[in-house]
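See structure below.
The values are calculated or read from the model by the stated rules, or taken from the named source; none is laboratory data. Just so it is clear, the model here is predicted, and its values are computed rather than measured. Neighbour counts run over all protein chains shown; Cβ positions are idealised from the backbone, glycine included.
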Amino acid sequence: MKNRIKNAIKTLLRRLLGMKLYEVFMATRKLGYIPHIRHPRSFNEKILHRKLYRWKEIPPQLADKWAVREHVAKTIGPQYLNEVYGVYERAEDIDFAKLPDSFVIKGTHGSALNIFVKNREHFDKKTIRDQCRRILSDRYGYFSNERWYLAIPPRLIVEKLIFDGTLPMPVDYRFFVFDSKVGFVEIDIGRGTNDHTLTLVTRNFDILPFRQRYPAIPDLQKPLLWDGMVALAEKIGAGWDAVRVDFYSPNQQSILFGEITFAHTAGWCPFTPDNADVELGKFWKIP
């Protein structure tokens, strides 16, 4: 009910203000400053600029959780893809009896549209199917102006659940690639817990003095397969002035592709201190 009310308010605002003023309103509310979208300087401003003025450049298939796998397989090889158990257009078509004890269901047409099942014996099929229907009906990208997502056919992809030591969720390595070179990396550890940390580092794994949402780990150790992930991210990100390429490294023994993102947090997530947004924006040279 709460989400329905929020979405109704956003829909009304979008209609009353128009797309550009709505974007300015939402970004100002989230970032704490009025963004200069036409002539952007900060990292978030450049994301907003992409959403409003350059969104047609983004091929929807690269943001599609299922379709992107073909591109990744051709670019770096199929060995970096997570195992897929099935892809479905309807929740009713998922045969849970054929799935392993643990798995994850993702919406192919957005981000954070996930259902994690760690033990098949302790879940309710009806509840899961209802959640799947909500994912399929989600018009992801509409309220955030990420219009390329609206061109992706809504589907459900069921994948192997990645385990990473004793962590409840695998460490998420988010590589920000600019003109074929990694500029900085966001390392998410402990997502979904009270111990969630988010550390920003350089390509060479120097800890950056910037923060976004969560506390950082000042003495975070360089992962064993770091150099390999950097090289793979730069291969996938080649040809783009800015793109985010995500990887996992389960137990630091292998590398698995996560996703490609063209508008990190929709450009609505503030950095601290105040100069961080502009400093990170210097990596991105808009053509």
Strands (runs of 3 or more DSSP E) (entirely within the range 140-201) containing at least 1 residues that are among the hydroxyl-bearing types (Ser, Thr, Tyr) and touching a Ser or Thr at 6+ places or on another chain (Cβ under 9 Å): 172-178
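For every residue, the table says whether it meets (1) modelled with pLDDT under 95; (2) polar (S, T, N, Q); (3) within 28 Å of Pro60 (Cα to Cα); (4) surrounded by fewer than 18 Cβ atoms within 10 Å (Cβ to Cβ).
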| residue | (1), (2), (3), (4) |
| --- | --- |
| Val177 | no, no, yes, no |
| Lys181 | no, no, yes, yes |
| Arg191 | yes, no, yes, yes |
| Val201 | no, no, no, no |
| Pro223 | no, no, no, yes |
| Ala238 | no, no, yes, yes |
| Phe271 | no, no, yes, no |
Residue list for the range 250-268, restricted to those being part of a loop (DSSP other than H, G, I, E, B) and surrounded by fewer than 16 Cβ atoms within 10 Å (Cβ to Cβ): Gln253, Ser254
Meets criteria (touching a residue at least 60 places away in the same chain (Cβ under 8 Å), out of contact with any helix residue (DSSP H, G or I) (no Cβ under 8 Å at 6 or more places or on another chain) and of a type in the set (Val, Ile, Thr)) for Thr272: yes
Qualifying positions in the range 218-241 - touching a strand residue (DSSP E or B) at 6+ places or on another chain (Cβ under 8 Å), among the small types (Gly, Ala, Ser) and either outside any loop (DSSP other than H, G, I, E, B) or without any contact (Cβ under 8 Å) to a residue 12 or more places away in the chain (or both): Ala233
Neighbours by Cβ (under 7 Å, 6+ apart or cross-chain): first from the range 163-192, farther than 24 Å from Val117 by Cβ; second of a type in the set (S, T, N, Q) and not in a loop (DSSP other than H, G, I, E, B): Phe184/Thr202; Ile187/Thr199
Residue match in the range 242-261 (condition: modelled with pLDDT of 95 or more, in contact with a strand residue (DSSP E or B) (Cβ under 7 Å, 6 or more places away or on another chain), among the polar types (S, T, N, Q) and under 22 Å from Trp148 (Cβ atoms)): yes
Helices (runs of 4 or more DSSP H) wholly inside the range 40-95 containing at least 2 residues that are loosely packed, with under 15 Cβ neighbours inside 10 Å: 68-75
Cβ pairs under 7 Å, 6+ apart, first in the range 21-36 and farther than 16 Å from Ala263 by Cα, second part of a loop (DSSP other than H, G, I, E, B): Thr28/Ile34; Thr28/Pro35; Gly32/Pro270
